[in-house]
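The values are calculated or read from the model by the stated rules, or taken from the named source; none is laboratory data. All values reported here derive from a predicted model rather than from experimental measurement. Ideal geometry is used to build each Cβ from the backbone, glycine not excepted, and the neighbour counts take in all protein chains shown. For the accessible areas, the whole protein counts, side chains as well, though only heavy atoms, and no ligand, DNA or RNA atoms are used. Shrake-Rupley method; radii C 1.70, N 1.55, O 1.52, S 1.80 Å.
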Amino acid sequence: MTTLSSLFAAAPGGVMTDEVGVITGDLELCTELSDDGKLRALVRYEGAEEWYAITGASCVLADPRDHEQVHSLLHGLLHRPEG
């Protein structure tokens, strides 16, 4: 399993998660890519222990070399502190 993470400030309106709904503030994005190509996108409050699945953000990658680009794209979409 390959894991990437990045800190970011959520856009107004926050990030929708499967477990707890919307979370806001200073967050951390984590993408986990399993050996079979399944990518999980997770978020947590910066410094917290519990991770939450980002609603609609998990997928299957055709090529594992795309993991870094997908992580970067998700980070760019989520890191919009000004809106």
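Part of a loop (DSSP other than H, G, I, E, B), surrounded by fewer than 13 Cβ atoms within 10 Å (Cβ to Cβ), at pLDDT below 95 and among the charged types (D, E, K, R): is that true of E50 in this structure?
no
All but one of (1) modelled with pLDDT under 95; (2) basic (K, R); (3) surrounded by fewer than 13 Cβ atoms within 10 Å (Cβ to Cβ) hold for R80; which doesn't?
Failing condition for R80: (3).
In segment 54-69, what residues are more than 12 Å from E28 (Cα to Cα), within 10 Å of the chain's Cα centre (by Cα) and open to solvent by less than 40 Å² (accessible area, probe 1.4 Å)?
Passing the criteria: only A57.
So which residues in segment 1-41 are out of contact with any Asp or Glu (no Cβ under 7 Å at 6 or more places or on another chain), within 18 Å of H79 (Cα to Cα) and of a type in the set (A, V, I, L, M, F, W, C)?
F8, A10, A11, V15, M16, V22, I23, L29, C30, A41
Take the residues in segment 24-47 that are farther than 16 Å from A11 by Cα and among the polar types (S, T, N, Q); name whichever of them is surrounded by the fewest Cβ atoms within 10 Å (Cβ to Cβ).
S34
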